[in-house]
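All remarks here apply to the structure that follows.
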Amino acid sequence: MHKDQAYFTTRFTHDRRRDTLWQSLVQHYFSRLISSSDTVLELGAGYGHFINHVRAERRISLDAWEGYVSYLQPGIESHVGNVNDLSFLTPASIDFAFASNLFEHISQGDLALVLRQLKTALRSSGTLNILQPNYYYAYREYFDDYTHRTVYSHTGLCDFLEANGYRVLECRPRFLPLTVKSRLPVSSLLIRLYLLSPWKVMGKQMFVRAQPA
């Protein structure tokens, strides 16, 4: 069994609650950042929960796991390969690049390579949007995922982006809870209320939005 397939059949199995989560996140938060005329790229698309719910003129996805393609809606462009090779992207073609729970799985060297390639692929007004565990708050559980390689706090990730030629537009240290695997129900109403609340109880994932400087 390929290591990517093994991960998706053990640690990161399909869970319908994630679809409810991402449909709500796109509807109540990310839709305001994406225009219907945009080209949206998702890196590390997994089960396609984010990109499937996005409404945009063009949707592009990438994942190293070839099985992910079967979860995508019709019309989404799929690419199977390593995230550090974005040579399939046309220069100045992407308006909104998104990565969720991805960059903690790769080395800092690979992330720097991704950032360099995205600087070419993004339009002048394009943005890179990152959602991932914040080690500052999630240090106890961070390495429960055996594929986590690199540690980032909200401060460290923002500094790394700036050191690699990006300007941070938004940084939310406590954006979401760490996982849907809890006793709490996952509902669109509760997710919307959580996003609106100034008190991010259990918030251990950060959201960072940046643009090439």
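The values are calculated or read from the model by the stated rules, or taken from the named source; none is laboratory data. A quick note: this is a predicted structure, and the numbers were derived from the prediction, not measured. Using ideal geometry, Cβ is built from the backbone for each residue, glycine included, and neighbour counts are taken over all protein chains shown.
So that you can scan it fast, the table gives a plain yes or no per residue for (1) within 19 Å of the chain's Cα centre (by Cα); (2) modelled with pLDDT of 85 or more; (3) under 16 Å from Asp19 (Cβ atoms):
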site: Ala163; (1), (2), (3): no, yes, no
site: Leu169; (1), (2), (3): yes, yes, no
site: Arg174; (1), (2), (3): yes, yes, no
site: Pro177; (1), (2), (3): yes, yes, no
site: Lys181; (1), (2), (3): yes, no, yes
site: Pro185; (1), (2), (3): no, no, yes
site: Leu190; (1), (2), (3): no, yes, yes
site: Trp199; (1), (2), (3): no, yes, no
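Looking only at the range 33-47, filter to residues that are over 11 Å from the mean Cα position of the chain (by Cα) and modelled with pLDDT of 95 or more; which one of those is surrounded by the most Cβ atoms within 10 Å (Cβ to Cβ)?
Kept after step one, since they are over 11 Å from the mean Cα position of the chain (by Cα), are these residues of the range 33-47: 33-40, 47.
Going one step further and asking which of them are modelled with pLDDT of 95 or more, we end up with 33-40.
Details: Leu33: 16, Ile34: 19, Ser35: 14, Ser36: 9, Ser37: 9, Asp38: 20, Thr39: 23, Val40: 25.
Here the answer is Val40.
Suppose we filter Tyr135, Tyr142 for residues that are surrounded by 14 or more Cβ atoms within 10 Å (Cβ to Cβ), aromatic (Phe, Trp, Tyr), at pLDDT 95 or above and out of contact with any Leu (no Cβ under 8 Å at 6 or more places or on another chain); which single one remains?
None of the other options fit; the residue is Tyr135.
Restricting to the range 138-154, count the residues that are part of a loop (DSSP other than H, G, I, E, B) and touching a residue at least 12 places away in the same chain (Cβ under 8 Å).
10
Does the range 38-50 contain at least one residue that is in contact (Cβ under 8 Å) with a residue 24 or more places away in the chain, closer than 17 Å to Thr147 by Cβ and part of a helix (DSSP H, G or I)?
Restricting attention to the range 38-50, the residues satisfying the condition of being in contact (Cβ under 8 Å) with a residue 24 or more places away in the chain are 38-50.
Retained after the next criterion (residues that are closer than 17 Å to Thr147 by Cβ): 43-47.
Those left that are additionally part of a helix (DSSP H, G or I): none.
For the range 38-50, residues in contact (Cβ under 8 Å) with a residue 24 or more places away in the chain, closer than 17 Å to Thr147 by Cβ and part of a helix (DSSP H, G or I): absent.
Could you figure out which of (1) without any contact (Cβ under 8 Å) to a residue 24 or more places away in the chain; (2) within 20 Å of Glu162 (Cα to Cα) isn't true of Val114?
(1) is the only condition that Val114 fails.
Could you check, for the range 44-53, whether at least one of its residues is hydroxyl-bearing (Ser, Thr, Tyr) and touching a helix residue (DSSP H, G or I) at 6+ places or on another chain (Cβ under 9 Å)?
Checked against the condition, which is being hydroxyl-bearing (Ser, Thr, Tyr) and touching a helix residue (DSSP H, G or I) at 6+ places or on another chain (Cβ under 9 Å), the range 44-53 yields at least one hit.
Have a look at Val83, Val54 and point out the one that is at pLDDT 95 or above, closer than 23 Å to Leu111 by Cα and not polar (S, T, N, Q). Steps first, please.
Working: Val54 fails: closer than 23 Å to Leu111 by Cα.
Answer to the check: Val83.
Okay, residues lined up against (1) touching a Cys at 6+ places or on another chain (Cβ under 7 Å); (2) within 25 Å of Gln205 (Cα to Cα); (3) surrounded by 14 or more Cβ atoms within 10 Å (Cβ to Cβ):
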site	(1), (2), (3)
Ser78	no, no, yes
Gly81	no, no, no
Phe88	no, no, no
Asp95	no, yes, yes
Asn101	no, yes, yes
His105	no, yes, yes
Leu115	no, yes, yes
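Checking the conditions here, which among Leu161, Leu157, Leu176 is part of a strand (DSSP E or B) and of a type in the set (A, V, I, L, M)?
Going through Leu161, Leu157, Leu176 in turn, the sole match is Leu176.
Being in a helix (DSSP H, G or I) and more than 22 Å from Arg32 (Cβ to Cβ) is the filter here; which residues of the range 114-137 pass it?
Of all residues in the range 114-137, those in a helix (DSSP H, G or I) come to 114-121, 135-137.
Once the filter is applied, which keeps residues that are in a helix (DSSP H, G or I) and more than 22 Å from Arg32 (Cβ to Cβ), the range 114-137 yields Val114, Leu115, Arg116, Gln117, Lys119, Thr120, Ala121, Tyr135, Tyr136, Tyr137.
Which one of these does Cys171 not meet: (1) part of a strand (DSSP E or B); (2) out of contact with any His (no Cβ under 7 Å at 6 or more places or on another chain); (3) surrounded by 14 or more Cβ atoms within 10 Å (Cβ to Cβ)?
(2)
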